[in-house]
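A.B. asks: Structure provided below as structure tokens; questions to follow.
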Amino acid sequence: MLIKIVKTSDCHEPDVTPESLYLSRRNLLGATVAGLAVGALPGWASAEDAGRYPDVESGKPPAWFIEKLPATQWGAMTVKDEAITPFKDATHYNNFYEFGTDKGDPAANAGALKTEPWSVVVDGEVGKPGRYALEDFMKPYQLEERIYRLRCVEAWSMVIPWIGFPISALLKQVEPTSKAKFIRFETLQDPQSMPGQRSGFALIDWPYIEGLRLDEAMNPLAILAVGMYGRELPNQNGAPLRLVVPWKYGFKSIKSIVRISLVSEQPKTTWQSIAADEYGFYANVNPTVDHPRWTQARERRLPNSLFKPNVRDTQMFNGYSEEVASLYTGLDLRKNY
Ligand SMILES: Nc1nc2c(c(=O)[nH]1)N[C@H]1C(S)=C(S)[C@@H](COP(=O)(O)O)O[C@H]1N2
Ligand SMILES: [Mo]
């Protein structure tokens, strides 16, 4: 069976996180959540916005991002009683196999990704197909901050303040035809800047592909993100445009998107193609349906360590049942994992 041959590939890691990664970290949570401490302010943001995440570094964001930021609606649909994961952890413990399979590889290697200029193609079953420069693609949308849990299928989780806009707003713009039943997303393919695409790690048939049913994509929780922690997305987190679907396992939240297609058939997604018995199309977070090789009943909330394992119970739909459970009435979630 395929998965036995390709051990290193699988979207799993040992249960013990290297403690050195976390033991030395300052705990920034109190300060960042309350937004009280104002550190070095990046020149591009208003003092108030920068004060939300005072310890976050930023390069020089693109002009379109700076222009949109002041009108951003902060803190919508927010996880209120759980600490935000420190920026350092959210940007140095990543899955982005285009840049390598170790958690530190994306931070180490994604600097080579060129995100400006960037274009996005919208095609398939839409009334208004097109190819857009990112700044034009973004024009119709107002940005919102959404503080969401992110639960990886590997049983770790974080809480991340994203900046983005609902996919429903995009669908309104592009006018899906009556044949459109799914939305399919594609990541950039560029072996020159993405070492994972040219390594011997040939398991993934690049580019990375993900998809949603159209009604899932219409759910207000599903967003396309262009930023996090009050700044633009770091490359390792999927700059300049990524999907965030917080009630599904993290692998659905595809990074560095270059193509969005409305399609009539369920798209064949990357992890499903690698091991369909382990990673399904739906990938809804579900504590009662275990991965064949580990339990999904619990998760490690990062940052954690050997001494502070920070283990918590996994919630159905990652805690978003109220918003999304009705999408799946009548569907056997054990079969449609
Ligand atoms: N193109 C692409 N998108 C991807 C991945 C990837 O390897 N390639 N990994 C996925 C997985 S498994 C997870 S858990 C999340 C991690 O997002 P983060 O690194 O911003 O926390 O990105 C998802 N999106
Ligand atoms: Mo993941």
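A.B. asks: Would you point out the residue of segment 229-238, among those that are more than 16 Å from ligand 2 (Cβ to nearest atom) and out of contact with any helix residue (DSSP H, G or I) (no Cβ under 8 Å at 6 or more places or on another chain), that is farthest from S256 (Cα to Cα)?
C.D. replies: Here the residue is R231.
A.B. asks: Residues that are more than 14 Å from the chain's Cα centre (by Cα) and surrounded by fewer than 20 Cβ atoms within 10 Å (Cβ to Cβ): does segment 156-169 have at least one?
C.D. replies: Yes, some residue in segment 156-169 is more than 14 Å from the chain's Cα centre (by Cα) and surrounded by fewer than 20 Cβ atoms within 10 Å (Cβ to Cβ).
A.B. asks: Take segment 69-78 and flag every residue that is part of a loop (DSSP other than H, G, I, E, B) and at pLDDT 90 or above.
C.D. replies: Passing the criteria: only T72.
A.B. asks: Hey, K60 hits all of (1) under 24 Å from P207 (Cβ atoms); (2) in a loop (DSSP other than H, G, I, E, B); (3) more than 19 Å from the chain's Cα centre (by Cα) but one; which does it fall short on?
C.D. replies: Condition (1) is where K60 drops out.
A.B. asks: A further question on this structure: Across segment 258-267, what is the total count of residues that are surrounded by fewer than 23 Cβ atoms within 10 Å (Cβ to Cβ) and under 25 Å from S193 (Cβ atoms)?
C.D. replies: Here the count works out to 4.
A.B. asks: Which numbered condition in (1) assigned to a loop (DSSP other than H, G, I, E, B); (2) within 16 Å of the chain's Cα centre (by Cα) is the only one that A225 fails?
C.D. replies: Only one criterion in (1) assigned to a loop (DSSP other than H, G, I, E, B); (2) within 16 Å of the chain's Cα centre (by Cα) is unmet by A225, namely (1).
A.B. asks: Could you give every pair whose Cβ atoms fall below 7 Å, whose first residue belongs to segment 200-221 and is modelled with pLDDT under 95, and whose second residue is of a type in the set (A, V, I, L, M), counting only separations of at least 6 or pairs across chains?
C.D. replies: From segment 200-221, the pairs are L203/V6; L203/I274; I204/I274.
A.B. asks: Between residues in segment 145-163 that are at positive phi and at pLDDT 95 or above and residues that are of a type outside the set (G, A, S) and within 14 Å of ligand 2 (Cβ to nearest atom), which pairs lie under 6 Å by C-beta distance while being six or more apart or on different chains?
C.D. replies: From segment 145-163, the pairs are A155/E299.
A.B. asks: Looking at segment 270-285, which of the residues that are in contact (Cβ under 8 Å) with a residue 12 or more places away in the chain and small (G, A, S) is surrounded by the fewest Cβ atoms within 10 Å (Cβ to Cβ)?
C.D. replies: Selected residue: S273.
A.B. asks: Determine, yes or no, whether P240 is in contact with a Leu (Cβ under 8 Å, 6 or more places away or on another chain), buried (at least 23 other Cβ atoms within 10 Å of the Cβ) and part of a loop (DSSP other than H, G, I, E, B).
C.D. replies: Criteria met by P240.
A.B. asks: Just wondering, is there one or more residues in segment 172-189 that are among the small types (G, A, S), buried (at least 18 other Cβ atoms within 10 Å of the Cβ) and on the phi < 0 side of the Ramachandran plot?
C.D. replies: Taking every residue of segment 172-189 in turn, at least one turns out to be among the small types (G, A, S), buried (at least 18 other Cβ atoms within 10 Å of the Cβ) and on the phi < 0 side of the Ramachandran plot.
A.B. asks: Within the set of pairs 6 or more residues apart or between chains, which connect a residue that is within 22 Å of Y229 (Cα to Cα) and part of a loop (DSSP other than H, G, I, E, B) inside segment 90-103 to a residue that is within 11 Å of ligand 2 (Cβ to nearest atom) and acidic (D, E) with Cβ atoms less than 9 Å apart?
C.D. replies: Final answer for the pair search is N95/E154; K103/E13.
A.B. asks: Something else about it: Counting only residues that are among the charged types (D, E, K, R) and over 15 Å from L143 (Cα atoms), which one in segment 53-68 is modelled with the highest pLDDT?
C.D. replies: K60
A.B. asks: So, one more: Can you tell me which residue among T288, T295, T329, T314 is of a type in the set (S, T, N, Q) and surrounded by 18 or more Cβ atoms within 10 Å (Cβ to Cβ)?
C.D. replies: It is T314.
A.B. asks: Can you pull out the strands (runs of 3 or more DSSP E) entirely within segment 129-212 that have at least 2 residues that are of a type in the set (G, A, S) and within 23 Å of V226 (Cβ to Cβ)?
C.D. replies: Where strands (runs of 3 or more DSSP E) fall fully within segment 129-212 and carry at least 2 residues being of a type in the set (G, A, S) and within 23 Å of V226 (Cβ to Cβ), they are 130-133, 156-166.
A.B. asks: Then there is this: Is there any pair with a first residue in segment 313-337 that is within 11 Å of T288 (Cβ to Cβ) and a second that is of a type in the set (V, I, T) whose Cβ atoms are under 6 Å apart and which are 6 or more apart or on different chains, and what are they?
C.D. replies: Short answer, once both residue conditions are applied: R334/V289; Y337/V289.
The values are calculated or read from the model by the stated rules, or taken from the named source; none is laboratory data. Just so it is clear, the structure is predicted and the values come from calculations on it, not from any experiment. Note that each Cβ is placed from the backbone with ideal geometry, even for glycine, and that neighbours are counted across all protein chains shown.
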